[in-house]
């Protein structure tokens with residue numbers, strides 16, 4: 001990207017600041033509620049297993065996965081991979097994150113369309129992220145409209161992926177909140193409020209990613225029109 005382009009700086013600096021704030025918010029909220037235990041005394045791994053059982057899902061495994069907040073659901077392997085802090089933790093934060101990932105397994109089991117679409121988009125997104133910059137920049141330099149639009153199309157895959165990801169993550173959190181309450185894994189308004197704060201903070205990171213990518217795509221579209 002032409003990082004010294006005034007328009008690029010105008011559009012990306014606010015997005016970068018928003019992303020940094022969102023990352024700080026999720027880490028600080030997780031740290032805050034990682035110090036608050038749940039009355040059920042369950043660990044994140046135990047809560048995830050309980051949600052899987054309560055939902056009647058079959059063949060879902062739960063594994064410890066290295067890395068801070070590296071938690072994710074692998075739909076191909078039907079496996080919940082939880083970071084050590086979440087897998088072993090017995091806090092509101094651990095329960096919230098584990099339940100969120102279990103929410104993705106519930107989406108998988110019920111055939112939730114956005115989750116399936118997101119999985120199908122992964123190869124295109126990986127290619128688009130690696131390649132979009134070169135045809136776009138060279139297209140601007142050489143005044144070649146075809147190259148410019150090739151870069152735009154490649155990057156559009158990233159934006160579409162994030163557009164699909166945001167409702168998928170919000171839906172997983174909604175499922176997590178509902179099942180935690182119905183199963184009694186969290187009890188009382190204080191624990192439910194803590195879970196909501198952890199999951200809402202996590203959602204901010206997906207919103208920030210979408211905003212940043214959308215603004216970058218807007219920059220590319222504006223510059224493409226100016227080169228016509």
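Residue count for the stretch 1-37 satisfying the condition of being surrounded by 12 or more Cβ atoms within 10 Å (Cβ to Cβ), at pLDDT 95 or above and in a loop (DSSP other than H, G, I, E, B): 2.
Here's the yes/no breakdown for (1) buried (at least 23 other Cβ atoms within 10 Å of the Cβ); (2) under 25 Å from residue 214 (Cα atoms); (3) touching a helix residue (DSSP H, G or I) at 6+ places or on another chain (Cβ under 7 Å); (4) modelled with pLDDT of 90 or more:
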| site | (1), (2), (3), (4) |
| --- | --- |
| 96 | yes, no, yes, yes |
| 132 | yes, yes, yes, yes |
| 140 | no, yes, yes, no |
| 143 | no, yes, no, no |
| 148 | yes, yes, yes, yes |
| 157 | no, yes, yes, yes |
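Taking the conditions (1) farther than 30 Å from residue 217 by Cα; (2) without any contact (Cβ under 8 Å) to a residue 40 or more places away in the chain; (3) buried (at least 17 other Cβ atoms within 10 Å of the Cβ) in turn, residue 87 satisfies each one other than (2).
Scan 202, 196, 176 and give me the residue that is touching a helix residue (DSSP H, G or I) at 6+ places or on another chain (Cβ under 7 Å) and surrounded by fewer than 18 Cβ atoms within 10 Å (Cβ to Cβ). Walk me through how you get there before you give the answer.
Values: 202 fails: surrounded by fewer than 18 Cβ atoms within 10 Å (Cβ to Cβ); 176 fails: surrounded by fewer than 18 Cβ atoms within 10 Å (Cβ to Cβ).
It is 196.
For the stretch 98-114, a residue qualifies if it is surrounded by fewer than 22 Cβ atoms within 10 Å (Cβ to Cβ) and at negative phi, and the qualifying residues are 107, 108, 109, 110, 112, 113, 114. Remark: pairs (first residue in the stretch 104-119, in contact (Cβ under 8 Å) with a residue 60 or more places away in the chain; second residue surrounded by 16 or more Cβ atoms within 10 Å (Cβ to Cβ) and in a helix (DSSP H, G or I); Cβ separation under 6 Å; 6+ apart in sequence or on different chains) = 104/172; 106/175; 107/115. The residues in the stretch 43-65 that are in a loop (DSSP other than H, G, I, E, B), modelled with pLDDT under 95 and either touching a helix residue (DSSP H, G or I) at 6+ places or on another chain (Cβ under 7 Å) or crowded, with 20+ Cβ neighbours inside 10 Å (or both) can be counted, and the count is 3. Scanning the stretch 66-82 for residues that are closer than 17 Å to residue 169 by Cβ and either in contact (Cβ under 8 Å) with a residue 12 or more places away in the chain or in contact with a helix residue (DSSP H, G or I) (Cβ under 9 Å, 6 or more places away or on another chain) (or both) returns 69, 70, 71, 72, 73, 75, 80, 81, 82.
Take the stretch 66-78 and flag every residue that is within 25 Å of residue 192 (Cα to Cα) and surrounded by fewer than 18 Cβ atoms within 10 Å (Cβ to Cβ).
Within the stretch 66-78, the first condition is being within 25 Å of residue 192 (Cα to Cα), and the residues that meet it are 68-73.
The answer is 68, 69, 70, 72.
The set of residues from the stretch 178-195 being within 21 Å of residue 72 (Cα to Cα), touching a residue at least 60 places away in the same chain (Cβ under 8 Å) and in a helix (DSSP H, G or I) comprises 179, 180, 194, 195.
The values are calculated or read from the model by the stated rules, or taken from the named source; none is laboratory data. What you see is a predicted model; the values in this text were computed from it and never measured. A quick note on method: Cβ atoms are made from the backbone with ideal geometry, for glycine too, and the neighbour counts reach across all protein chains shown.
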